[in-house]
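Inspection log for the structure reproduced underneath, given as structure tokens.
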Amino acid sequence: ANSMAQSSSAEVNRQPTNDELHQIVTQFIGNYNQGDLEAFMSLLDENVRTDEPGGWMGIYQAYERLFNRSLSREIVLRNLQWQRSGEAVIGRPNYRVTISRPGDKASHLYTGVLKIEVAMLGGRPMITGFFNKADIK
């Protein structure tokens, strides 16, 4: 396809490219592991659809608690395959999270499935849907 032939309105509504999807997932993982709340939340659209009560602010408060109460955390995403759906792209990766908390000898392992929807907003990929089906082990 000749990108020069596309109108600017079509460009606004294009799906994220594979490179853009890889980039936002890399940022998501890095910001999570570093506990960088502001950078992590900047990846999520303020109107994000989520199963977290309170929407964007609910996610913010939940991750603020998590980041503040953990010494370190590591998230690993597996089986991340993107499905293209309209203007959005949807991934349902399995996750493994290992969290170390102050005073605990052993770290805690959490597993589950995320549903992440990504769309282009303002010319950059943003997480427009974020659902967490936790299965705590």
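The values are calculated or read from the model by the stated rules, or taken from the named source; none is laboratory data. Since this is a predicted model, take the numbers as computed values, not measurements. Cβ atoms come from the backbone with ideal geometry, glycine included; neighbour counts cover every protein chain shown. Heads up: the accessible areas ignore ligands, DNA and RNA and are worked out on the full protein's heavy atoms, side chains in. Shrake-Rupley method; radii C 1.70, N 1.55, O 1.52, S 1.80 Å.
Of all residues in segment 116-126, those being on the phi < 0 side of the Ramachandran plot and open to solvent by 60 Å² or more (accessible area, probe 1.4 Å) number 2. State the number of residues belonging to segment 47-59 that are in contact with a Phe, Trp or Tyr (Cβ under 7 Å, 6 or more places away or on another chain), hydrophobic (A, V, I, L, M, F, W, C) and either in a strand (DSSP E or B) or loosely packed, with under 13 Cβ neighbours inside 10 Å (or both). Of the residues in that region, 1 qualify. Scanning segment 127-137 for residues that are open to solvent by 20 Å² or more (accessible area, probe 1.4 Å) and in a strand (DSSP E or B), we see that the one that is farthest from ARG73 (Cα to Cα) is THR128. A single entry from ILE75, ILE99, ILE127 fulfils the requirement of being in contact with a His (Cβ under 8 Å, 6 or more places away or on another chain) and under 23 Å from GLU38 (Cα atoms): ILE99.
For segment 78-99, residues that are small (Gly, Ala, Ser) and outside any strand (DSSP E or B) total 1.
Taking segment 60-100, which residues are touching a residue at least 60 places away in the same chain (Cβ under 8 Å), open to solvent by less than 60 Å² (accessible area, probe 1.4 Å) and out of contact with any helix residue (DSSP H, G or I) (no Cβ under 7 Å at 6 or more places or on another chain)? Answer for segment 60-100, where residues must be touching a residue at least 60 places away in the same chain (Cβ under 8 Å), open to solvent by less than 60 Å² (accessible area, probe 1.4 Å) and out of contact with any helix residue (DSSP H, G or I) (no Cβ under 7 Å at 6 or more places or on another chain): ALA88, GLY91. Whenever a residue of segment 22-46 is assigned to a helix (DSSP H, G or I), its partners that are at pLDDT below 95, lying with C-beta atoms within less than 9 angstrom and at least six residues away or across chains, give the pairs ILE24/ARG124. When residues in segment 49-59 are screened for being farther than 15 Å from PHE28 by Cα and either among the charged types (D, E, K, R) or touching a residue at least 40 places away in the same chain (Cβ under 8 Å) (or both), 4 of them pass. Considering segment 13-44 alone, what residues qualify as being open to solvent by 60 Å² or more (accessible area, probe 1.4 Å) and in contact with a strand residue (DSSP E or B) (Cβ under 8 Å, 6 or more places away or on another chain)? Once the filter is applied, which keeps residues that are open to solvent by 60 Å² or more (accessible area, probe 1.4 Å) and in contact with a strand residue (DSSP E or B) (Cβ under 8 Å, 6 or more places away or on another chain), segment 13-44 yields ASN13, ARG14, ASN18, GLN23. For GLU52, the conditions (1) on the phi < 0 side of the Ramachandran plot; (2) modelled with pLDDT of 95 or more; (3) within 15 Å of the chain's Cα centre (by Cα) are fulfilled apart from (2). SER85 passes every criterion in (1) within 16 Å of ASP51 (Cβ to Cβ); (2) out of contact with any strand residue (DSSP E or B) (no Cβ under 7 Å at 6 or more places or on another chain) apart from (1).
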